[in-house]
Every structure is written in C-alpha cells, then in structure tokens.
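The values are calculated or read from the model by the stated rules, or taken from the named source; none is laboratory data. Small disclaimer: the values here were computed from a predicted structure and weren't measured. FYI the Cβ positions are ideal-geometry reconstructions off the backbone, even for glycines, and counts take in every protein chain you see. Note: accessible area is taken over every heavy atom of the protein model, side chains too, but ligands, DNA and RNA are not part of it. Shrake-Rupley method; radii C 1.70, N 1.55, O 1.52, S 1.80 Å.
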Amino acid sequence: MASHLLSHSAKVRNASKLLHNERALLARWFSGDAQSSLNSNRDVWKTRLPESSTRSSVFEPAAGFTKRNISIASIKRGSIIGSGFTGVISQSSQVLSRRCYASASDLPPHQEIGMPSLSPTMTEGNIARWLKKEGDKVSPGEVLCEVETDKATVEMESMEEGYLAKIVRGDGEKEIKVGEVIAITVEDEGDIAKFKDYKASASESSAPPAEETSAPSPPKEVAEESAREPGAKVSKPSALTPSRDRVFASPLARKLAEEKNVPLSSIKGTGHEGLIVKADIEDFLASDAASSQVSAPSKAKGTMDAALDYIDIPVSQIRKVTASRLLLSKQTIPHYYLTVDACVDKLMSLRSKLNSLQEASGGSRISVNDLVIKAASLALRKVPQCNSSWTNDYIRQYNNVNINVAVQTDNGLFVPVIRDADKKGLSTIGEEVKQLAKKAKENSLKPQDYEGGTFTVSNLGGPFGVKQFCAIINPPQSGILAVGSAERRVIPGSGAEDFKFGSFMSVTLSCDHRVIDGAIGAEWLKAFKGYIENPESMLL
C-alpha cells in the first residue's frame with residue numbers, strides 16, 4: 001500500500017527514503033484526514049500527544065531541516081490506537097526518540113533520544129551515569145544509561161540497533177526535562193565523527209509537561225497576553241496586606257517572584273479571574289513600590305546569613321516528589337486519626353515458635369512487621385471500605401490488597417509494595433519485604449516495585465523505638481497505619497494485689513474522611529487489633 005501511495009502522489013514523490021524504516025506507519029499516516037496536512041511544501045508536520053497524557057509534547061523538525069523532512073516519534077512499549085494513525089498514542093513508561101533524515105547542515109540520518117518518562121509523576125530526571133560510551137555499538141534491549149527519576153534510579157534501554165554517536169547530556173547532569181534530547185544514535189559507524197560538535201537546539205527539545213496542581217490549570221501565558229486589549233490596564237502594586245486567601249499565580253510567575261523575592265500577596269493579577277501572570281511580576285518590579293518591599297527582606301536575609309554557619313544540601317528528585325506529594329496530601333485530604341493499644345504477648349509467642357520452625361528448615365526469620373502487614377491486609381479484606389480511593393465522581397474500592405511498606409534510605413523515603421498480601425504466607429511476605437528493602441537502599445527499585453499500592457504501613461516503633469505517631473496519607477490511598485513500639489505495662493486484676501504484666505503496642509490509623517467514616521475506621525482497627533491479639537486467627 002505504501003509503494004502505491006508513492007507512485008501516485010506527487011506530494012510525496014521525493015520522500016521515498018522515508019519508507020526505509022517506517023513503511024507501515026507512513027501508509028497509515030497518509031490515509032484519511034492526515035493527508036491534507038501535506039498540501040503545501042511549506043507545511044510542517046507536527047505530531048502531538050493527547051492532552052490527557054502526562055505531558056504535552058510537540059515533535060517537529062529541527063531548525064535548518066528541509067521542507068520535506070519528517071520527524072517520527074518512536075515510543076517504547078507504546079501502541080498506535082485505531083486502524084488509521086491519528087496522532088493518538090497510548091503511553092506507558094515511554095522512551096521518546098525522533099528520527100531525522102536530512103538537514104541543511106549536512107548531518108546524516110540519525111535518531112535523537114529524549115529523556116524518557118519512566119513514572120506517571122515524572123516531569124524531569126537526572127543522568128546518573130552512562131553505561132555506553134560514544135562510538136559504542138548498541139542493540140535493542142541493551143542498557144544505555146541509568147536515569148534518576150522521581151521514584152528511583154531506572155535503566156534506560158536502547159530501542160534500535162545502531163551506534164551511539166553523541167552523548168548530549170553527560171553523567172551527573174540534573175533537572176533534564178522529559179523529552180529533552182540526551183543522546184544521538186546513527187545507523188552507520190562512519191557517521192559518528194560527523195556528530196563530534198553536535199549541539200541540540202532549543203527547538204529540538206520537547207515542551208515540558210504541564211505542572212500538576214490541585215487548582216484548575218491556568219491558561220497559557222502566550223495566549224493570555226495576546227488576548228489582551230491594547231488599552232488594557234496594567235497591574236498596579238497594591239499595599240501589602242495580610243490575607244489568608246490563596247494566591248493564584250501561573251508557574252512562570254511564581255518562579256519569577258521567588259527569584260526576585262517578591263511577595264505574591266502584594267500583586268494584583270490581571271489574568272483570568274485575578275490570576276497573577278509573568279507580566280504582573282515584571283510590572284511590579286518596574287514600579288517604585290517594588291524597591292521598598294523587596295529590599296527589606298533582602299537586607300534581613302543578608303543579616304541573618306552573616307550570623308549563621310550553614311551548608312546548602314542539594315535536593316534530590318525523590319526528595320522533591322516526596323515533599324510535593326505530602327504537601328498535596330495535607331492540603332487536600334481531610335485527615336483524622338484513630339489510636340488503639342494492642343497486647344502483643346500472644347503475637348510474640350507465636351513469632352518465637354514460627355522462627356524456631358524457620359531456623360530448623362533454613363528459612364528466614366519472621367519479624368513483627370511481617371505479622372503487622374499480614375494483620376493489616378486481612379483487616380482490609382474484612383473491612384473493604386478502607387481499601388479504597390477517592391475520586392471526584394465516585395469512590396473506587398479495590399479487590400486487590402496491596403500493602404506499601406515505608407522504607408527509609410540514605411536517598412530518601414521509598415514505599416515498595418507487597419501485592420496481594422492477604423493471600424500470601426508470613427514467610428513469603430518476609431522474603432519480599434527484605435528483597436524490596438534491599439533494592440530501595442541500593443536505589444534500584446523498578447516502577448512495578450512501588451506502584452499499585454492500596455494501603456500503607458509505616459513502622460517507626462521497632463527500628464527507632466517511637467511510642468506513637470500520626471502518619472500522612474499516601475495519595476491516592478485513603479489510609480495509612482502508623483506502628484509504634486511495644487512497651488511493658490502493669491495490668492490490674494480483680495483484687496488489690498492482683499496484677500500482671502503485658503506488652504502493648506500503639507498503632508494509629510490515619511483516614512481520609514471523604515472515604516472512611518469514623519465508625520468504619522474504628523471497625524477496621526477493631527479487626528486489626530483482633531488479629532494482633534489472637535494471631536492464630538491469621539492462619540485460618
């Protein structure tokens with residue numbers, strides 16, 4: 001079909017080279033409505049990812065490319081939807097690349113490899129290290145480099161056979177936007193030398209993903225400024241007045257205000273519904289009021305800096321994401337907390353017996369945390385309302401009980417997941433926790449190791465001796481259990497001198513009140529306490 005199109009279409013007669021690698025794709029593209037996009041030699045073919053995806057990127061020929069050059073997006077583990085290619089591409093852990101066939105600077109055919117999106121929340125990444133050097137031959141499936149994402153360090157594999165001609169972003173480079181060119185590959189080894197002085201232009205990088213925010217996304221700055229009337233009023237700086245109302249500003253305006261140390265509460269926005277835009281910040285800085293209000297904090301900061309001895313610690317990707325997600329959780333989820341004390345004497349006795357059997361059979365020892373995870377999963381099966389997530393239109397109740405376990409490492413906090421914990425034995429849970437904790441400390445977790453959890457357990461009692469604490473819910477989940485340490489207590493009897501000793505552990509359940517009512521949360525804790533105080537029931 002593709003050859004038939006080439007022989008009968010004057011518009012694509014000179015594009016025969018394009019069929020070398022993408023024959024089937026072009027055949028679909030030229031069919032239907034897409035063909036009208038080639039009506040003019042001056043047209044630029046653009047392929048846009050769907051607006052609902054995690055980022056909005058445009059692939060277009062770099063500056064200097066000839067009019068008939070075409071960029072093709074090859075996406076790893078993606079799929080083209082529909083019988084005809086309409087530009088809609090399904091995404092799942094994607095590696096973005098773009099094939100370029102010719103250029104005005106006489107560069108040979110090559111492939112531009114972009115920073116991949118390796119997790120649903122990833123907007124930028126860091127290059128940990130390159131495992132291939134410039135000039136090395138690469139094959140499909142071979143690891144090119146290690147990318148530090150917002151969750152972990154992930155290996156990025158090659159999609160096609162060729163040679164690594166140029167490493168655009170080297171080892172240790174940070175804050176590379178998703179889609180930004182990081183390397184160039186070629187098919188012929190003789191073309192490697194032609195990319196010695198290659199530099200990616202700004203137009204070759206994909207547009208950064210839209211910033212995730214709980215408020216409705218503001219309109220683009222460009223469209224907003226072009227829509228302004230010539231006689232529109234310019235924002236005037238107003239007096240700084242304390243206000244508890246939330247200030248709405250575009251991401252660009254917030255960044256500029258932070259760099260210039262401008263308080264957003266002193267700016268009157270001229271955007272849609274009072275949104276503060278970049279032009280408002282620039283107008284404020286140009287006014288006389290800005291000098292008086294900006295200089296005062298600067299002087300105070302300078303005085304404070306001179307009196308303190310400190311170091312500035314760079315913020316890692318995992319720390320940035322942890323901070324943003326926990327802030328979002330506390331700001332948008334109505335937390336409430338329920339605490340109970342559970343006697344763990346029978347639990348400790350059962351653990352001793354099970355560990356004796358494990359040691360005799362050569363198995364690993366079972367920890368108290370393994371028993372807590374098992375009890376929590378069974379309680380979720382008994383009270384499934386707590387195994388749910390809130391959406392604006394409905395509450396999603398999960399049939400799988402997947403428990404995230406908080407693991408603290410030198411690189412930050414990770415929450416690997418134990419899938420279907422309610423169906424697994426204690427020894428299996430213990431082995432998985434040990435393996436995932438080891439991978440977390442080595443910073444080698446894969447996305448499948450931490451995605452898909454429905455409930456979280458955080459234990460600061462056993463490792464650190466914390467008596468009791470309240471944990472922050474891990475969105476989109478609706479509950480998290482905070483486990484404290486066990487302590488010996490005196491239990492009064494019926495008589496004046498009748499008493500005994502027992503060990504009690506404090507646990508606190510943090511609930512999302514939109515999903516879990518107080519009585520439901522109490523019912524879950526009752527079930528959990530029953531499994532802890534009568535651990536034999538977990539074996540039934």
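Once the chain from Glu497 to Gln331 is taken as fully extended at 0.36 nm per residue, the excess over their C-alpha distance is 54.7 nm.
For the listed peptides 400-411, 114-125, a ranking on the average number of other beta carbons within 10 Å per residue, highest first, reads 114-125, 400-411. The heavy atoms of Tyr163 offer some 40 square angstrom of accessible surface to a 1.4 angstrom probe.
Both radii are taken from the alpha-carbon atoms of the range 110-194; with Rh as the Kirkwood radius, Rg/Rh is 0.96. Taking all Cα-Cα distances within the range 361-423, those exceeding 16 Å account for 57%.
First check a/c for the range 319-538, with a ≥ b ≥ c the square roots of the eigenvalues of its C-alpha gyration tensor; if it is under 1.5, answer rounded, and if not, answer prolate when a/b is larger than b/c or oblate otherwise. Provide the component values of the computation, followed by the final result.
Working: a/c = 1.69, a/b = 1.24, b/c = 1.36.
Cα axes put the range 319-538 in the oblate bin.
The length gained by stretching the chain between Gln448 and Tyr198 to full extension, at 0.36 nm per residue less their Cα-Cα distance, is 86.4 nm. Between Ser139 and Ser316, the modelled labels are 3.4 nm apart [label points 7 Å from Cα along Cα→Cβ]. Karplus-derived 3J(HN,Hα) values for the range 338-354, using 6.51 cos²θ - 1.76 cosθ + 1.60 with θ = phi - 60°, are 10, 10, 9, 10, 10, 6, 10, 4, 5, 5, 5, 5, 5, 4, 4, 5, 5 Hz; glycine and proline are entered as x.
Derived scalar couplings between HN and Hα for the range 428-436 equal 5, 4, x, 5, 5, 4, 5, 5, 5 Hz in order, rounded to whole Hz, by the Karplus curve 6.51 cos²θ - 1.76 cosθ + 1.60 (θ = phi - 60°), x for Gly and Pro.
Its Cα gyration tensor gives the range 443-540 an equivalent ellipsoid; the semi-axes, largest first and in whole Å, are 31, 17, 14.
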